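What follows is a single structure, written as structure tokens, with notes after it.
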Amino acid sequence: MKSRGKFILTLAVLVLAAAPPCARAAESSAAQFLKLGLGARALGMGEAFSAVADDASALHYNPAGLAPGAGPEGKSALFSHAWHIQDMGVSQAALLSRPWGFGFTYFSAGEMEGRNDAGAATGDFTARDLAFSAGRGFKLGVFKAGIAVKYVSQKIKDSTAHAAAADLGLLFQPENSRVKYGVSLANFGTRIKFKSDSFPLPLTLKTGASVALKGAPVLLAAQADFANDSGAALRLGGEYSATESLKLRLGYRTVSSSSKDAVLGTEMGGSGTGVSSLFGFFAGVGIYMGGFSLDYALSPYGELGNAHRVSMGLEF
């Protein structure tokens, strides 16, 4: 019991110690692909998932969700691909075997046009990012806790950089309550260095709550994000189980007016109409048949287009 208490105390101290840097002025960070989420279910709920974290995507959103009792028992696998904006793509895989979880993310930026300092074309080049992660969850009395470690690599043309990081998380659900609370700290690690320049990882503190409504097949979630490279953001999400096999999802993330104007291109005469104008909103649908699931999520990005994500899950 002493060792368990010490673990909880250490985890809490690390999470709280990260709050001041997350709250200060924004600074540039590298490895932005680490903020693209995992799978389509959570994305459809606006990624308000730190207090849900009951499937294989818990490895990304809150490793405490890997703990025994945090979700369905048994093993599950998740495979996901996103057709992101501007020919970018994200491929992911995760395996959950409580209390362990393993994941892989590959991000491709597609081909980009290279130019030298004088502005002359130097030929096309590619950029790619990848991350390997492994985590373990713990059941500690009334709490569930978890930790995940990850290896991060970025390559831009001929330059490569590496980093190591950890994610920490806690979940708490009072006895006989439908409300669950979660807190997680993502990407607490070393800096990424490209030649003479180094950048921090996108450190983010997430705190949230979720509730399964009584008498209605609805799951609601809310989450506050505090990142080192942007202002605070609020996320809201909902999942409606129309039937045992069909789930509908909606989500929303607050964005600053300047970010919204930039994405919608309003200052450059952008139309700001249609689905792509709903920047900050998310929508998704899930189909479940036995131990198989198929999920889809849509993320509008204004003048940049729409991002589409599809994931397949398998329980065995």
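The values are calculated or read from the model by the stated rules, or taken from the named source; none is laboratory data. If you're wondering where the values come from, they're calculated on a predicted model, not measured in any experiment. Please note: Cβ atoms are built from the backbone with ideal geometry, for glycine as well, and neighbour counts cover all protein chains shown.
Some notes on this structure:
- Ala166 touching an Asp or Glu at 6+ places or on another chain (Cβ under 9 Å) and modelled with pLDDT of 95 or more: no
- Residue within region 170-186 that is among the β-branched types (Val, Ile, Thr) and under 19 Å from the mean Cα position of the chain (by Cα) present: yes
- Just one of (1) at negative phi; (2) modelled with pLDDT of 90 or more fails for Gly37. It is (1).
- Top-ranked residue in region 294-309 [being closer than 19 Å to Ala56 by Cβ and touching a residue at least 40 places away in the same chain (Cβ under 8 Å); ranked as surrounded by the fewest Cβ atoms within 10 Å (Cβ to Cβ)]: Tyr296
- Some residue of region 211-224 being at pLDDT below 95, charged (D, E, K, R) and either under 30 Å from Leu250 (Cα atoms) or touching a Phe, Trp or Tyr at 6+ places or on another chain (Cβ under 9 Å) (or both): yes
- Exactly one residue among Lys157, Lys180 is closer than 25 Å to Arg235 by Cα and either in contact (Cβ under 8 Å) with a residue 12 or more places away in the chain or not small (Gly, Ala, Ser) (or both), and that residue is Lys180.
- Number of positions in region 185-212 that are more than 16 Å from Leu36 (Cα to Cα) and in contact with a strand residue (DSSP E or B) (Cβ under 7 Å, 6 or more places away or on another chain): 16
- Residue satisfying all of: in region 105-138; modelled with pLDDT under 90 and β-branched (Val, Ile, Thr); nearest to His162 (Cα to Cα) among these: Thr126
- Here no strands (runs of 3 or more DSSP E) wholly within region 147-238 include at least 3 residues being of a type in the set (D, E, K, R) and under 23 Å from Asp55 (Cβ atoms).
- The lone exception for Gly141 - which of (1) modelled with pLDDT of 95 or more; (2) on the phi > 0 side of the Ramachandran plot; (3) over 15 Å from the mean Cα position of the chain (by Cα) it fails: (1)
- Qualifying residue in region 147-164 (condition: more than 18 Å from the chain's Cα centre (by Cα), surrounded by fewer than 16 Cβ atoms within 10 Å (Cβ to Cβ) and under 30 Å from Gly290 (Cβ atoms)): no
- Ala42 under 16 Å from Val310 (Cβ atoms), touching a Ser or Thr at 6+ places or on another chain (Cβ under 9 Å), part of a helix (DSSP H, G or I) and modelled with pLDDT of 90 or more: yes
- Which numbered condition Gln86 misses (of (1) in a strand (DSSP E or B); (2) loosely packed, with under 13 Cβ neighbours inside 10 Å): (1)
- Scanning region 50-79 for residues that are touching a Ser or Thr at 6+ places or on another chain (Cβ under 7 Å) and part of a loop (DSSP other than H, G, I, E, B) gives Ser50, Ala51, Val52, Asp55, Ala56, Asn62.
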